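Working notes for the structure below.
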Amino acid sequence: MMFYLDKGFDSCGPSEKTSDTEKALEYTEFNPGQDSDIMQAPKGENAKEKESSLCRCDSSFSSSLSGETVASDQVQMIHSFSEDNLRTFPGKYSPLKIGELRADYIPFFASHSEFVSFDVKDSSFLPHRSLRGETSKTIVIIPSMDLDATELKRMGSTAEFYEERQLYQLFLLVRDPSFKIIFLSSNPVDMVTTRYYLTLDGCSDSELKNRLSRLVLLNPKGDGNTNHSLSQKLNQNDKILRTIRNIVEKFSEGESPSCGLSFFCGSDSNDEISNKLKVRSLEANGRHLYFGSKQGSRQIFRKCGVPCAPGTPDIEDDDLLSTPQSGDSWSRNHRFICDPHNLAIGIARQIVLKNVKSSKWVVKLNQGFSGKGNACLNLEEILKKKYIDSNGLPLYGNDLVNAVAQDIEMEFPNMNFECKTSSWKRDATHAGYAEQIPRLGVIAEAFIEGSVVTSPSVQAVIDPKLVGEHRIEILSTHEQVLSGQVYTGCINPASEPYRSQIVKYTKKIGEALAEESIVGHFSSDFIAVKQCINGIDQWTIKAIELNLRQGGTTHPYSTMAILCGGHTDFDGVFRTKEGRQRSYVATDNYIDHRLKGLKSKDFLREFSSTSDPSIRKLRWSEDTKTGVIFHLLPFLEYGKIGFTAIGETPEEADLLFKRVSDMLIDIAEKKSHSS
């Protein structure tokens, strides 16, 4: 087996002078088949010294296991591991004799960061106390996009790039030297990107070496099926799973170690990985994803008394439900609206029998995400129509329901689909919306309108180790930035007039989820409508859906929580350990097609080394705990990038965000003129 350092790990720091670390990080290679137990010497002077101090992780580590070989193009690692002291495991493993990492390890760490020294330039950087008194914490990060493959395909060939949103967890290596991370991804993580995250605080070369020694990057290969997610590729590759298991064992040496699997979302495939590795997942499991579906969300809202929009299926719509064709565990033992005709009947019942007179309805696929599975249905003309029988008499009851439903069904092909690649019928590339309904099931809700409408959300985590109200920890509140109904970014915190109310609702929702034995991340999305009643502005809040996974609001919050140290208070506002507020504005979707072709390596080098004072002010500052952090860097070549602007106030964060936008516009214009 061959472990290697990527050639692309070159300087992106402020100094133009090549450091010892940068020289040592030039491409090196280790092939155990050549009777060598260390990496080949790096290029340059003092190679042997650099080899022992940086390129070799531990003399007891080796590079192969169980006599099997993993192809070099499947493994991207910062260090080589040695076989000598790694056990050979049978096909099935016994549970690791280590503790379980908390489900809320990030918020817990952030809220207790006052126990950790932040002077990382000090060679004696050690925490006075680490998480729950544990001295070794290993996180296996598998950011697999385990969403419906057919819907995910609408995002194109770059969907796997979203896995890199979870690189925010590398900041744990920056803040606490007892953390160790194994990060898996479908594509190799660029080494310049890795260095950017690990040196954001301006650490010394020696500290960077320490952080690298606690990081492993793996890239499993599957059977070539492009529809297979990262977790499915892993389950096809027992050699990689054995590698993960062995590294976890080695990383878990020491007093009271802990370990956990961090997924983007729960899934059947991730449950299988957890069972094979005998390491507990920190997210909801696959069978619980029903409660994160659109229909399951409405069921939870009703259960805990949180108001939601009128819609179907309703309590009286059991006769409209059937078993979907997906076959995944989230749909087992549950029934859904799986036929357009039954969907039309359900909407008609709301209009006729429940007197819901909304002229616009939102149709949602149960496993749609980011609003891309939504479509807007306009029923304005149908509501104006007079329905009469053959004798000219008005229709009533079920006769009226059936007549209205017939007209509604005819309008489905004319819906306004939020995803640009969606249509009612199949096209040459993508499945039709009508085909997805039998597979995933569908709901419809009355479109909520008003003079002022916002879309706030709350992110929380359920910890199984705690009981009662304490097991629900509020992580963050947001205003979601939407394009139509599609999520593009967020603003922290949510607006003050209704912030406490959505926090209260989310705690009730979390309690209902905990009663279903659900753990890990979840978020609650709401619609807030401002109305003036008797001269007084009032806000009406409706819950619209749950997400039992990490999402677009997870990485900006977690970035701020780890880098700033602190937690979200009872009022929904994040404060540092000194009691100072921090806020952010974040986006996953800054798009400028003039940026196409720009390499992330070149972008990061310019951003980090420029002498331009206006750009230098945008960089992350360890002193003020403010600045801008970029993510989704692989998208840059396609004209897209994400970033989080952290400020002391919402106004400062917004100003930083606008200045970054101006900087990107300037870069795009220069690139356009030079080409």
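Summary of computed values
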| quantity | calculated |
| --- | --- |
| Those residues of region 491-541 which are among the hydrophobic types (A, V, I, L, M, F, W, C), touching a strand residue (DSSP E or B) at 6+ places or on another chain (Cβ under 7 Å), more than 16 Å from Thr568 (Cα to Cα) and in contact (Cβ under 8 Å) with a residue 60 or more places away in the chain, in sequence order | Ile509, Leu513, Ile518, Val519, Phe526, Ile527, Ala528, Val529, Ile541 |
| Complete set of residues in region 403-433 that are assigned to a loop (DSSP other than H, G, I, E, B) and either of a type in the set (Val, Ile, Thr) or in contact with a His (Cβ under 6 Å, 6 or more places away or on another chain) (or both) | Thr421, Thr429 |
| Qualifying residues in region 137-157 (those that are more than 18 Å from Asn235 (Cα to Cα) and assigned to a helix (DSSP H, G or I)) - the one least open to solvent (accessible area, probe 1.4 Å) | Glu151 |
| Unmet requirement for Asp463, which otherwise passes all of (1) modelled with pLDDT under 95; (2) surrounded by 22 or more Cβ atoms within 10 Å (Cβ to Cβ); (3) more than 19 Å from Arg154 (Cα to Cα); (4) not small (Gly, Ala, Ser) | (2) |
| Test result for Phe570, at pLDDT below 95 and among the hydrophobic types (A, V, I, L, M, F, W, C) | yes |
| Residues being outside any loop (DSSP other than H, G, I, E, B) and either open to solvent by 40 Å² or more (accessible area, probe 1.4 Å) or more than 14 Å from Gly647 (Cα to Cα) (or both) - total across region 569-605 | 16 |
| Checklist (1) modelled with pLDDT of 95 or more; (2) under 25 Å from Ser297 (Cβ atoms) applied to Leu400, failing item | (2) |
| Residue selected from region 300-332 under the condition open to solvent by 60 Å² or more (accessible area, probe 1.4 Å) and without any contact (Cβ under 8 Å) to a residue 40 or more places away in the chain, by the criterion farthest from Ala512 (Cα to Cα) | Asp319 |
| Total residues in region 367-402, condition farther than 30 Å from His288 by Cα and open to solvent by 40 Å² or more (accessible area, probe 1.4 Å) | 18 |
| Pair list, Cβ < 7 Å and 6+ apart or interchain, from region 158-174 residues that are in a loop (DSSP other than H, G, I, E, B) to residues that are among the aromatic types (Phe, Trp, Tyr) and surrounded by fewer than 21 Cβ atoms within 10 Å (Cβ to Cβ) | Thr158/Tyr638 |
| Test: Ser322 is modelled with pLDDT of 90 or more and over 29 Å from the mean Cα position of the chain (by Cα) | yes |
| Meets criteria (in a helix (DSSP H, G or I) and in contact with an Asp or Glu (Cβ under 6 Å, 6 or more places away or on another chain)) for Ala653 | no |
| Residue in region 403-421 that is touching a residue at least 12 places away in the same chain (Cβ under 8 Å), among the polar types (S, T, N, Q), open to solvent by less than 30 Å² (accessible area, probe 1.4 Å) and over 28 Å from Lys354 (Cα atoms) present | no |
| Members of region 342-369 that are polar (S, T, N, Q), more than 20 Å from Glu435 (Cβ to Cβ) and in contact with a helix residue (DSSP H, G or I) (Cβ under 9 Å, 6 or more places away or on another chain) | Ser358, Ser359 |
| Residues of region 619-649 satisfying the condition of being over 15 Å from Ile491 (Cβ atoms), hydroxyl-bearing (Ser, Thr, Tyr) and outside any strand (DSSP E or B) | Thr624, Tyr638 |
| Matching entry among Asp201, Asp190, Asp205, Asp146 (being in contact (Cβ under 8 Å) with a residue 24 or more places away in the chain and closer than 30 Å to Ser293 by Cβ) | Asp146 |
| Qualifying residue in region 246-262 (condition: modelled with pLDDT of 90 or more, within 20 Å of Gln169 (Cβ to Cβ) and in a loop (DSSP other than H, G, I, E, B)) | no |
| Unmet requirement for Phe657, which otherwise passes all of (1) open to solvent by 60 Å² or more (accessible area, probe 1.4 Å); (2) in contact (Cβ under 8 Å) with a residue 60 or more places away in the chain | (1) |
| Residue tally, condition closer than 22 Å to Ser621 by Cβ and open to solvent by less than 10 Å² (accessible area, probe 1.4 Å), over region 176-195 | 4 |
| Residue within region 203-214 that is polar (S, T, N, Q), open to solvent by 10 Å² or more (accessible area, probe 1.4 Å), in contact with a Lys or Arg (Cβ under 8 Å, 6 or more places away or on another chain) and on the phi < 0 side of the Ramachandran plot present | yes |
| Qualifying positions in region 522-550 - over 25 Å from Thr649 (Cβ atoms), among the small types (Gly, Ala, Ser) and either open to solvent by 10 Å² or more (accessible area, probe 1.4 Å) or modelled with pLDDT under 90 (or both) | Gly535 |
| Subset tally (residues that are open to solvent by less than 40 Å² (accessible area, probe 1.4 Å), polar (S, T, N, Q) and not in a loop (DSSP other than H, G, I, E, B)) for region 263-299 | 6 |
| Residue count for region 165-175, restricted to those that are open to solvent by 10 Å² or more (accessible area, probe 1.4 Å) and of a type in the set (Phe, Trp, Tyr) | 0 |
| Some residue of region 491-498 being of a type in the set (S, T, N, Q), open to solvent by 40 Å² or more (accessible area, probe 1.4 Å) and assigned to a strand (DSSP E or B) | no |
| Test: Pro556 is assigned to a helix (DSSP H, G or I), in contact (Cβ under 8 Å) with a residue 24 or more places away in the chain, open to solvent by 10 Å² or more (accessible area, probe 1.4 Å) and not basic (Lys, Arg) | no |
| Positions within region 425-437 being modelled with pLDDT of 90 or more and open to solvent by 30 Å² or more (accessible area, probe 1.4 Å), in sequence order | Lys425, Glu435 |
| Checking Gly510 against (1) assigned to a helix (DSSP H, G or I); (2) in contact with a Cys (Cβ under 8 Å, 6 or more places away or on another chain); (3) crowded, with 22+ Cβ neighbours inside 10 Å, the condition it does not meet | (2) |
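The values are calculated or read from the model by the stated rules, or taken from the named source; none is laboratory data. Every value quoted in this text rests on a predicted model; they were computed, and no experiment measured them. Note that each Cβ is placed from the backbone with ideal geometry, even for glycine, and that neighbours are counted across all protein chains shown. Calculation scope for accessible area: heavy atoms of the full protein, side chains included, ligands and nucleic acids excluded. Shrake-Rupley method; radii C 1.70, N 1.55, O 1.52, S 1.80 Å.
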